[in-house]
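The values are calculated or read from the model by the stated rules, or taken from the named source; none is laboratory data. In this text the structure is predicted, and so the values were computed from the model without any measurement. Positions of Cβ are backbone-derived with ideal geometry, glycine not excepted, and every protein chain shown enters the neighbour counts. Keep in mind that these areas ignore ligands, DNA and RNA; they rest on the heavy atoms of the full protein, side chains included. Shrake-Rupley method; radii C 1.70, N 1.55, O 1.52, S 1.80 Å.
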Amino acid sequence: MTTDTTTKTPGAAAAAPPGPTPEKKRATQGHRRLLTRRDRITLALMAGVPTILHVALVWVTAIASIFLAFTTWDGIGFDSIKWVGLDNFKQLFNDNPQFWPAVEHNVIWFVVLILIPTPFGLFLAVQLDKKIRFSRVYQTAFFLPVVISMACIGFVWQLVYNPDTGLINSIIGANKPGHYIDWIGDPHLNLWAVLIAASWRHTGYMMILYLAGLKSVDPSLREAAALDGAGEWQTFKHVIFPTLRPTNTVVLVVTIIEALRAFDLVFVFNKGAQGTELLSILVTNNIIGESSRIGYGSAIAVVLLVISLAVIIPYLIATFRKERRA
């Protein structure tokens with residue numbers, strides 16, 4: 001009994017039909033089945049719902065505000081919208097006694113935030129970057145006001161500024177009848193009192209931003225400066241601070257935004273009256289106030305938008321050009 005054995009020559013193996021092998025085909029099909037229909041629906045909802053909400057609540061409302069700025073509307077029915085052109089802006093610039101003081105107060109707000117809490121936040125970040133003891137505790141303590149809502153901060157500082165039982169008047173002895181200092185009601189003091197509370201919160205914000213920037217600095221730069229005999233201040237001035245240029249850009253943009261959108265703290269203190277007028281307060285009072293002048297309030301919002309873009313965009317363009325040249 002003979003057994004026939006067939007040997008496969010290399011030519012026979014080469015004559016195999018072209019195309020992916022069954023193993024590769026199964027792998028490819030399995031890879032395609034990684035995203036099921038349910039997965040695709042889930043991903044579409046996770047990406048689509050936030051996108052729709054962002055477009056509807058940010059872009060659509062911004063475009064609608066720009067359009068309404070050239071109209072007059074009391075908010076009751078779309079039939080009452082009337083095109084008035086530039087009348088809202090003419091009335092705003094020429095006839096509104098609160099507009100220019102509000103612009104001045106927003107500018108003061110920005111100058112104070114950029115000159116006081118921003119350098120102090122940088123100082124705290126530099127100290128905490130030295131890995132001192134209990135640095136985590138200090139970071140938490142200084143950053144805590146940032147995570148607290150501005151309304152809560154306003155209520156806390158109202159207690160501090162209370163003429164009768166407030167901390168400041170009690171310390172300086174100004175809580176007696178006839179010697180009261182009204183920190184919130186006095187138009188010569190209330191803006192600065194609010195700015196102290198805003199600076200208290202802004203310091204922690206700047207500290208975290210600069211601390212993140214300092215953590216990204218290459219340690220070899222410090223070592224090279226030390227080998228060259230540079231002191232601590234010289235190292236920071238000539239080596240560390242120049243590397244914080246991207247962080248400084250973020251800090252400037254954030255500070256401008258904080259100064260222009262300041263609302264909560266002032267509204268809690270005294271609703272933006274008697275020396276604390278701000279553009280955001282004027283927008284709110286005209287849109288949801290008793291008169292409900294939505295077109296006029298939208299014109300103020302457009303002015304606020306133009307001011308913010310006029311400051312931020314040129315600075316960002318100049319910064320990016322310097323980075324490209326470097």
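My understanding is that a pair violates if its Cα-Cα distance is over 29 Å; which of 131/322; 131/237; 215/271 do that in this structure?
131/322; 215/271
Round to the nearest 0.05 the FRET efficiency obtained for residue 140 and residue 233 when R0 = 35 Å and r is the Cβ-Cβ distance.
Rounded to the nearest 0.05, the efficiency is 0.80.
Using the Karplus equation 6.51 cos²θ - 1.76 cosθ + 1.60 (θ = phi - 60°), what ³J(HN,Hα) coupling, rounded to whole Hz, does each residue of region 186-202 give in order, writing x for Gly and Pro?
So the J values, rounded to whole Hz, are 6, x, 8, 10, 5, 5, 5, 5, 5, 5, 5, 5, 5, 5, 4, 6, 5.
Take each of the peptides 54-67, 263-276, 159-172, average the number of other beta-carbon atoms within 10 Å over its residues, and list them starting from the highest.
Final packing ranking: 263-276, 159-172, 54-67.
Set Lys and Arg Cβ to +1 and Asp and Glu Cβ to -1, take the dipole of the chain about its Cα centre, and tell me which of 45, 230, 116 lies farthest positive.
With unit charges placed on the Cβ atoms, the residue in question is 45.
Along region 149-161, what does the Karplus equation 6.51 cos²θ - 1.76 cosθ + 1.60 (θ = phi - 60°) give for ³J(HN,Hα), rounded to whole Hz, x for Gly and Pro?
Per residue, the Karplus-derived 3J(HN,Hα) values read 5, 5, 5, 5, 4, x, 5, 5, 6, 4, 5, 5, 8 Hz.
For the chain, give the percent of accessible area contributed by carbon and sulfur heavy atoms, probe 1.4 Å, rounded to a whole number.
Carbon and sulfur: 66 percent of the exposed surface of the chain.
Express in whole angstrom the spacing between the alpha-carbon centres of region 278-298 and region 52-96.
Their Cα centres are 11 Å away from one another.
Spelling out what I want: for every residue of region 232-245, take phi, set θ = phi - 60°, compute 6.51 cos²θ - 1.76 cosθ + 1.60 (Karplus), and round to whole Hz; glycine and proline get x.
Coupling constants for region 232-245: 5, 5, 5, 5, 5, 5, 9, 10, 6, 4, x, 6, 8, 4 Hz.
Decide, for region 125-255, between rounded, prolate and oblate: order the square roots of the alpha carbon gyration tensor eigenvalues as a ≥ b ≥ c, take rounded if a/c falls under 1.5, and otherwise choose prolate if a/b is larger than b/c, else oblate.
Prolate, because a/c is 1.5 or more and a/b exceeds b/c.
Give me, ordered by chain and number, the residues 5 or more places off residue 71 or on other chains with an amide H under 5 Å from its own placed amide H.
Under 5 Å from the amide H of residue 71: 84.
Residue 157: accessible area at probe 1.4 Å, nearest 10 Å²?
Approximately 40 Å² for this residue.
Quick one: how many Å² of residue 205 are accessible to a 1.4 Å probe, rounded to 10?
The accessible area comes out at roughly 60 Å².
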